[in-house]
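This is the structure, below, for whatever I ask next.
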Amino acid sequence: MNNQSRRSFIKQSALGGMTLALTSTLSSFSWNADEQPLVFFDGFTNIGPKRGKHPAERWSLKHLVDEMDHCSISGALVASVLSVTYDPMYSNLDLSSRLKPYPHLFAIWNLMPANTDEFPTPQELGVLLQEHDVRAVTVHPTGNNWDWKTPEAIELFRWLTENRVLTIVRPEEFGGLGGVKELLNTYKELPVLLIGVYWSFQRTILPMLSAFKNLHISFENFQINEGLESLYRDGFIDQLVFVSNAPTMSAGAHRTYVDYADIPREAREKIAGGNLSRLLQGLRPPVARENSDEDNLMRAIRHGKPVPAPIVDMHMHILHEGLNGTGWHYRMYHGGPSGVFKLIKRLGYVGGGIMSWNGVVSVDSASGNVTATEALDVAPEGYWGLANFDPAHYSQEELAKMIPEVYKDKRFIGMKPYLHYGIPYHDPSYDVWWKYGNEHQLYGLLHSTRPDLQEVETLAPKYPNVRWVIAHAGSNFKMADMAIAAMKKYPNIYAEITLTPVQLGIIEHLVEGAGEDRIMYGSDLPMRDPRQQLGWVVFSRLPLEVKKKVLGENALHVIRPSLDSMPVYNIPEIFRKYRKK
């Protein structure tokens, strides 16, 4: 059976009758891309000096204001790092004073019980909150080392509950989600905004949203695939609050999640700022703020239109059709081919590299190659495959037979080992794969097994015909610096950006250090929703033409040696002109 016949067969059999049910979330709403942009009111930003800060990391009030102006964020609640790391009340008052020149910024105060001669009583605190018009607070019982169950703490929480003061908390401050549940059970009328919730918390946090209507969550780290669509469907829309954690994180990344949400306009308005204003008893930004100097990519996202530049995703996983999760602690709503391809088409994707999930994280490498093959059979034009081979489960003789058999399918041009295989990539047991890749000019996507990049720096000179792509090079500034150093040493090393932290300024840092032709977009979908990763690039400060390179054009440098052997169907249309035959 040839590729075209196989593709047709799979579409009719594996997807037939299932597609409408699986993709209804992204097709059942009246989503109008020509609507006016949303007005965003940010529920948590955080400024101030940090321990161990990288020199390029953003941290100041100026950084915050600049990011808000750049990303058209109309207002924000602002916390101070110093209110935790220095005297809370002194730092609270200092923060309010510093925000006075900015009518669209509103202070978040950090509170403590009044039993150590460091903090006022709840009654005295109430006068100060009213005097400075503070309507949101945080508490850090772990960070500031106090017991939230003492009589003095109970008095504080009762006062906050009686006055309906929005209280912003993190799971780790209460020993995890179990402690947060106890807080919510104890103070059932206290409006709580839980920030710092990760995508891996889904199976615990979703029942909590149902059980506690006073619980509200943000999604700066809760980057779940089709998250806003599924949360709207399940009736949680009044419990969602836009939070960016700027200037540490990219505000543009997080607004993109909302701008592209395929839910009714009214629901998107609630998430963007309406729910927060309600929780703050009517407080809202004085005016809508828009960046008049935005480029056409930023403008497209704010209007909910596909990005007018080709997007090539270098880091895409896929599940079996019909699955919404993968075991362990991973839930990935609509993570199979029909859901993934429908979503990314709306964003402006033209292609990318597909690999399985079960072949890497589940270390079922042989079955993973079948999963990727089946996804390619139903994929739109422009998508190719990355194969998995695990030297821990298969002998060298078995690998020598398996590797060429998989790559007979010329849609596979990439190599994707994984750290869960438990063997460093520069171990000799991988050589049979790398030698084949070097001979056939494949490329490798490496999620390092080590805290350094010794593996890729060892492999790059040994196998010069392979383009080695560092996965997650944008995870933090330390990793970015290591990736820059590796790329400066070897011309066949490249970097892909994706990871949950979406740190502000790190993409610019990578481009400045390694050059505008070496950095590529990746999303890691559907573990994370691709929209935040996309917005991270689009709302960067890179020049427009460089953004286009990162989003799609730079992928050519990695896949170009394979263009002549790949089926034309699997080559992104923008690259087909480089094919020699």
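The values are calculated or read from the model by the stated rules, or taken from the named source; none is laboratory data. Worth saying up front: this structure is predicted, and the values here are computed from it rather than measured. So basically every Cβ, Gly included, is an ideal-geometry build from the backbone, and we count neighbours across all protein chains shown. What goes into the accessible areas is simple: the full protein's heavy atoms, side chains included, and nothing from ligands, DNA or RNA. Shrake-Rupley method; radii C 1.70, N 1.55, O 1.52, S 1.80 Å.
Using the alpha-carbon centroid of each, what span in Å lies between segment 397-438 and segment 152-168?
Result: 58 Å between the Cα centres.
Roughly how many Å² is the accessible area per residue of segment 262-364, as a whole number, for a 1.4 Å probe? Present the calculation step by step, with values, prior to reporting the outcome.
Values: 3600 Å² over 103 residues.
On a per-residue basis, 35 Å².
Now for a different question. Rank these by accessible area, largest first, 1.4 Å probe: 346, 135. Can you show the working numbers first?
Numbers: 346 40, 135 80 Å².
Ranking 346, 135 by accessible area, largest first, yields 135, 346.
In nm², what is the average projected area of the convex hull enclosing the Cα atoms of segment 309-358?
Details: hull surface 13.8 nm².
Result: a mean projected hull area of 3.5 nm².
Cα centroid distance between segment 331-384 and segment 80-95, in Å?
Taking the Cα centre of segment 80-95 as reference, the centre of segment 331-384 is 47 Å away.
Another question about this same structure. Based on the Cβ-Cβ distance of residue 189 and residue 93, what FRET efficiency does E = 1/(1 + (r/R0)^6) give at R0 = 22 Å, to the nearest 0.05? Walk me through the numbers before you get to the answer.
Numbers: r = 28 Å, r/R0 = 1.28.
About 0.20, to the nearest 0.05.
How far apart, in nm, are the 7 Å Cα→Cβ label points at residue 147 and residue 116?
It works out to 1.3 nm between the two label points.
Another one. Taking 25 Å as R0, compute the FRET efficiency from the Cβ-Cβ separation of residue 292 and residue 346 and round it to 0.05. Can you show the working numbers first?
Details: r = 27 Å, r/R0 = 1.06.
It comes out at approximately 0.40.
Where does each of 158, 255 land when they are ordered by accessible area, with a 1.4 Å probe and the largest first? Working shown, then result.
Working: 158 145, 255 0 Å².
Largest to smallest exposure gives the sequence 158, 255.
Accessible area of segment 154-286 with a 1.4 Å probe: how many percent of it is carbon plus sulfur? Walk me through the numbers on the way to the answer.
Working: 1950 of 4040 Å².
Whole-percent figure for carbon plus sulfur exposure: 48.
Treating cross-link reach as a plain straight distance, find the lysines whose alpha-carbon is under 17 Å from the alpha-carbon of residue 342, omitting any fewer than eight places away in the same chain.
11, 305
Follow-up. Between residue 476 and residue 367, how many nm apart are label points set 7 Å from Cα along the C-beta direction?
It is 3.4 nm.
Quick check on the chain: of the DSSP beta bridges with both residues there, what percent are antiparallel, nearest 5%?
Roughly 5 percent of the beta bridges in the chain run antiparallel, per DSSP.
Still on this structure, please answer the following. If 416, 410 are ordered by their accessible area, calculated over protein heavy atoms with a 1.4 Å probe, which sequence runs from highest to lowest? Kindly include the intermediate steps, with their values, before the conclusion.
Details: 416 0, 410 90 Å².
Descending accessible area places them as 410, 416.
Starting from the alpha-carbon convex hull of segment 440-581, give the projected area averaged over all orientations, in nm². Don't jump to the answer; show the numbers that get you there.
Numbers: hull surface 34.8 nm².
So the Cα hull casts an average projection of 8.7 nm².
Full-extension gain between residue 568 and residue 234, please, as 0.36 nm times their residue separation minus the C-alpha to C-alpha distance.
Numbers: separation 334, 0.36 × 334 = 120.24 nm, distance 4.16 nm.
In short, 116.1 nm is gained.
Which value, in Å² rounded to 10, gives the accessible area of residue 234 with a 1.4 Å probe and all protein chains present?
In the full protein context, residue 234 sits at about 70 Å².
Same structure again: For the chain, what's the relative contact order in percent, using C-alpha pairs closer than 8 Å and at least 6 residues apart? Let's see the in-between values first.
On the way: 1183 pairs, mean separation 87.3, N = 581.
Here the relative contact order equals 15 percent.
Heavy atoms only, probe 1.4 Å: what % of the accessible area of segment 526-581 goes to carbon and sulfur, would you let me know? Kindly include the intermediate steps, with their values, before the conclusion.
Details: 1050 of 2030 Å².
The C+S portion of the solvent-accessible surface of segment 526-581 is 52 percent.
How tilted is helix 3-13 with respect to the longest principal axis of the chain? Cα atoms for both, answer in degrees (0 to 90, nearest 10).
50
Another one. To the nearest 500 deg cm²/dmol, what mean residue ellipticity at 222 nm is calculated for the chain from DSSP H runs of n ≥ 4 alone, each contributing -39,500 (n - 2.57), summed and divided by the residues? List each step's numbers first, then the result.
Values: 24 runs with 214 residues, N = 581.
Helix contribution divided over all residues of the chain: -10500 deg cm²/dmol.
Separation of segment 240-276 and segment 492-562 by C-alpha centroid, Å?
Each part's Cα centre sits 22 Å from the other's.
Are any of the pairs 53/149; 462/489; 345/548 more than 23 Å apart by Cα-Cα distance, and if so, which?
Working: 53/149 34 Å; 462/489 13 Å; 345/548 17 Å.
The pairs that break the limit, which is 23 Å between Cα atoms, are 53/149.
Excluding ligands, DNA and RNA, what is the solvent-accessible area per residue of segment 451-581 at a probe of 1.4 Å, expressed in Å²? Don't skip to the end; give the middle numbers.
Details: 4330 Å² over 131 residues.
Dividing the accessible area of segment 451-581 by its residue count gives 33 Å².
Between residue 164 and residue 53, what length comes free when the chain is fully extended (0.36 nm per residue of separation minus the Cα-Cα distance, one decimal in nm)? It would help to have the intermediate numbers written out before the result.
Details: separation 111, 0.36 × 111 = 39.96 nm, distance 3.56 nm.
Difference between extended and current length: 36.4 nm.
Once the Cβ-Cβ distance between residue 400 and residue 578 is put in as r, and R0 is 22 Å, what FRET efficiency do you end up with, to the nearest 0.05? Please list the in-between numbers first.
Values: r = 32 Å, r/R0 = 1.46.
So the FRET efficiency works out to roughly 0.10.
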